[in-house]
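What follows is a set of notes on a single structure, which appears directly below.
The values are calculated or read from the model by the stated rules, or taken from the named source; none is laboratory data. Predicted, not measured: the structure shown is a model, and the values here were computed from it. Note that each Cβ is placed from the backbone with ideal geometry, even for glycine, and that neighbours are counted across all protein chains shown. Just so you know, the surface numbers come from the protein's heavy atoms only, side chains and all, with ligands and any DNA or RNA stripped out. Shrake-Rupley method; radii C 1.70, N 1.55, O 1.52, S 1.80 Å.
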Amino acid sequence: MAEPPVPTDLTGRLRSLTQARIALARTGQSLTTGALLDFELAHARARDAVHARLDVDALRAAIPGRALVVVRSRADDRTTYLQRPDLGRLLDRGDAARLAPAGAALAIVIGDGLSAIAVQRHAAPLVEALVARLADWSIAPIVVAHHARVALGDEIGAALGVDLVVMLIGERPGLSAPDSLGAYLTWAPRRGRRDSERNCVSNIRPPHGLGYRAAADRIGWLAERARAIRLTGVDLKDESPPAADLPRLPGDR
Amino acid sequence: MRYRFDLGGTRHGFDDLRHLLAVASPPRSGDALAGLAAESAEQRVAARYVLADLSLSTFLDELVIPYEADEVSRLIVDGHDAEAFAAIAHLTVGGLRDWLLSNEADGAAIAAVARGLTPEMVAAVSKLMRNQDLIAVARKIRIVTAFRDTIGLAGRLSVRLQPNHPTDDPAGIAASVLDGLLLGSGDAVIGINPAGDSVEAAATLLQLLDDVRQAYAIPTQSCVLTHVTNTLRLVERGAPVDLCFQSIAGTQAANAGFGIDLALLDEAHDATLSLRRGTVGHDVMYFETGQGSALSADAHHGVDQQTLECRAYAVARAFRPLLVNSVVGFIGPEYLYDGKQILRAALEDHCCGKLLGLPMGLDICYTNHAEADQDDMDSILTLLGVAGVNFVMGVPGADDIMLNYQSTSFHDALYLRETLGLRPAPEFEAWLGSAGLLGPDGRISGGPPALSHRAIPALARLDG
């Protein structure tokens, strides 16, 4: 798919106003072949993202010099994972014992979530930026979790005995964004925490979404605030300064 | 065990009506997630045998959620029309299925008993129905509503034009609206799901839609799908509110999760009605529902998701809605796993809503982690067209860039109208003709756009 030329006709100018699939060519009542295939490609990429398996070796190579502990949820396979979010929130029975209290204040968990592709593309550089930003935090060994939902971080964080868990997880792919990474912060993690007790930084996917430095800054700000008020969630208002490397559209205020 | 059935030496027992209804349901992931699904295929059929022989009056005596505990239960019981029920009071659930399919039960006969049917009776009978039964019965029933045009007439298919934009950008939204109008969409409603939640933003979008409608003199209605409390404030400040939108569910607790109760809906209905903005009718409510919403709010009371969906329809029918829309595949694969389950749910929701007297439309849709694709949507769309669905969604290219899911497109609606010989709402169809959007063959014209973008202030910069 080549970048479209600068539109000169009305249809092209109309189309330039939105990412929505407008002014599509029509044959009879139906889409013409080009538009049909464009849609199929976008959907195919989203489907591949959902079903991709996290390549831990590649992740290990991309995060040199740090021990990775690999765990899994109780969802044994992708089909179970998609139908049983409750199992994706529970640590596999054998794995809890492998996560001993680390004497650290903060844990970073990397979970595949609904897009292993997002994790593969963005987790390692984000971890690097995070570790630099969180220089005054003691950080537990990084945990990588297969078939993970956000709340799996609670049990992992509790086992590691940390104050704060930062879960980096692949978000549900949209047609235009199959590789969006989210970061969820939970203070005093333990099983049964509600989503309203977390803070989230979403759409981390440079160059189209939030950049690594900007994401790390915002996560760092939230982490410091959480440490000060000893909680995360709806009572921790994100008042972090606006991100510098967030792409801006011309005319945005 | 209140209910029992013996099959080849195996005794199948069911604790109560809730248990029986849940086990009798066709398989779906949400009931499995809730731990309510049948443990075996045989157990499911055993439950259906029991259900088939159950008298309809059982449902008046045994509530799935207690009267004292839930205002939706109270609405169902207090609103039951014993006179309308009298004609079918002697029937079992199986007998009701046979009657609905009989030649004697035409649309008028079914409409005459609608207020005597409770949601649980309707849910129960649907569990005994095959997909073709759900289509055949729904097709008999026309539920016609009106505001600035008339929706739901026989031989008609209306479309909600859904021009969402991730930042509510007026020009982006206006571009999608114009595209949809040029393709004959928008006769059900032009309705935006706003990205932001503020009353201010909603007011801006409402004004934008009202400007477009007036500029082209379109006989349709607009809506910003914001919370009912926001709509109340919009009415107060004089914004051009045609319709009042709200998501609803089948239990008081799930509705509380949506931040609503029946009294609040009543207040919003009255406020919207007081504006008297309709021309050919005054149906002002637009409700959205979807199987699984109660479970996801942890408010399901051990009742299966399809029965709860029918209870949401009891809420809807208390307010004479213009549009009721089941957003069937939006909730994700943990509730409806694949195309087969989404199809089944779509046909159930459409048929059950119509049986209860509602103007049912469907957002035929899926998310990218569901085991479904556009082929599944084509099948569901076609079957719902045959079943006589009042309206479907028109999303540019079927790709909603704000809500990140796939629905049906303007083109899909054209396909369905063409293939099944369906036409837009009559007032809207006349407008399409007078605005020059139809070719000599009555189809949407393939010529240059007949609507000038210059009439829309938000598109003014196209010329700059």
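In this structure the amide hydrogen of B:Val189, modeled in the peptide plane, comes within under 5 Å of the amide hydrogens of B:Val159, B:Arg160, B:Leu161, none closer than 5 places in sequence on its chain.
Which of the peptides B:18-24, B:439-445 is most tightly packed, and how do the rest follow, judged by the mean count of other Cβ atoms within 10 Å per residue? Could the numbers behind the result be given before it?
On the way: B:18-24: 24.7, B:439-445: 12.6.
Highest-to-lowest ranking by the protection proxy: B:18-24, B:439-445.
Taking chain A as a Gaussian network of alpha-carbon nodes connected by springs under 10 Å, the highest mean-square fluctuation of the residues A:Ala100, A:Ala140, A:Ala228 belongs to A:Ala228.
Excluding same-chain neighbours fewer than eight residues apart, the lysines reachable from B:Lys140 by a Cα-Cα span under 17 Å are B:Lys354.
With a 1.4 Å probe, what is the total accessible area buried between chains B and A, in Å² rounded to the nearest 100? Could the numbers behind the result be given before it?
Working: alone 16990 and 13640 Å², together 27370 Å².
The contact between A and B buries close to 3300 Å².
Solvent-accessible surface of chain B, taken per residue with a 1.4 Å probe and all protein chains present: 33 Å². The distance linking the stretch B:1-27 with the stretch B:391-464 is 49 Å (Cα centroid to Cα centroid, whole angstrom).
Applying the Karplus relation 6.51 cos²θ - 1.76 cosθ + 1.60 with θ = phi - 60° to the stretch B:196-202 yields 3J(HN,Hα) values of x, 10, 7, 5, 4, 5, 5 Hz, where x marks Gly and Pro. Each residue of the stretch A:132-144 was assigned a 3J(HN,Hα) from its phi angle through the Karplus curve 6.51 cos²θ - 1.76 cosθ + 1.60 (θ = phi - 60°); the sequence is 5, 6, 9, 4, 8, 10, 7, 10, 6, x, 6, 9, 10 Hz, with glycine and proline shown as x. Seen through its C-alpha gyration tensor, with square-root eigenvalues sorted a ≥ b ≥ c, the protein assembly as shown comes out oblate because a/c lies at 1.5 or above while a/b is not bigger than b/c. Within the same chain, aspartates and glutamates fewer than 8 places from B:Lys340 are excluded, and of the rest, those with a Cα less than 12 Å from its Cα are B:Glu371, B:Asp373, B:Asp375, B:Asp376. Per the Debye calculation on chain A with a single equal scatterer at every Cα and no solvent contribution, log₁₀ I(q)/I(0) for q = 0.09, 0.12 Å⁻¹ amounts to -0.45, -0.73. Using the beta-carbon distance between A:Ala228 and A:Asp77 and R0 = 56 Å, what value does 1/(1 + (r/R0)^6) give for FRET efficiency, to the nearest 0.05? Calculated transfer efficiency: 0.85.
Of interest is the spacing of the C-alpha centroids, which for the stretch B:49-112 and the stretch B:134-192 amounts to 32 Å.
Within the stretch A:85-122, whose backbone N sits under 20 Å from a point 7 Å along Cα→Cβ of A:His51? Correct set: A:85, A:112-121. Rounded to whole numbers, the Karplus 3J(HN,Hα) couplings from phi for the stretch B:326-337 are 8, 8, 5, x, 5, 6, x, x, 6, 10, 9, 6 Hz, using 6.51 cos²θ - 1.76 cosθ + 1.60 with θ = phi - 60°, and x at Gly and Pro. Using equal-weight Cα scatterers in the Debye expression, the normalised intensity of the stretch B:3-140 in log10 at q = 0.10, 0.16, 0.17 Å⁻¹ is -0.35, -0.89, -0.99.
Going from the chain on its own to the full set of protein chains, the stretch B:163-197 has these residues losing 30 Å² or more of accessible surface (heavy atoms, 1.4 Å probe, no ligands, DNA or RNA): B:Ala175, B:Asp179. Once the Cα-Cα distance is subtracted from the 0.36 nm per residue extended length, the A:Arg190 to A:His208 segment shows a gain of 3.1 nm. In this structure, the amide hydrogen of A:Thr232, modeled 1.01 Å from its nitrogen in the peptide plane, lies closer than 5 angstrom to those of A:Trp187, counting only residues at least 5 positions away or on a different chain.
The Cα center of the stretch B:228-273 and the Cα center of the stretch B:289-356 differ in position by 19 Å. Within the protein assembly as shown, DSSP assigns beta bridges of which about 40% are antiparallel (rounded to the nearest 5).
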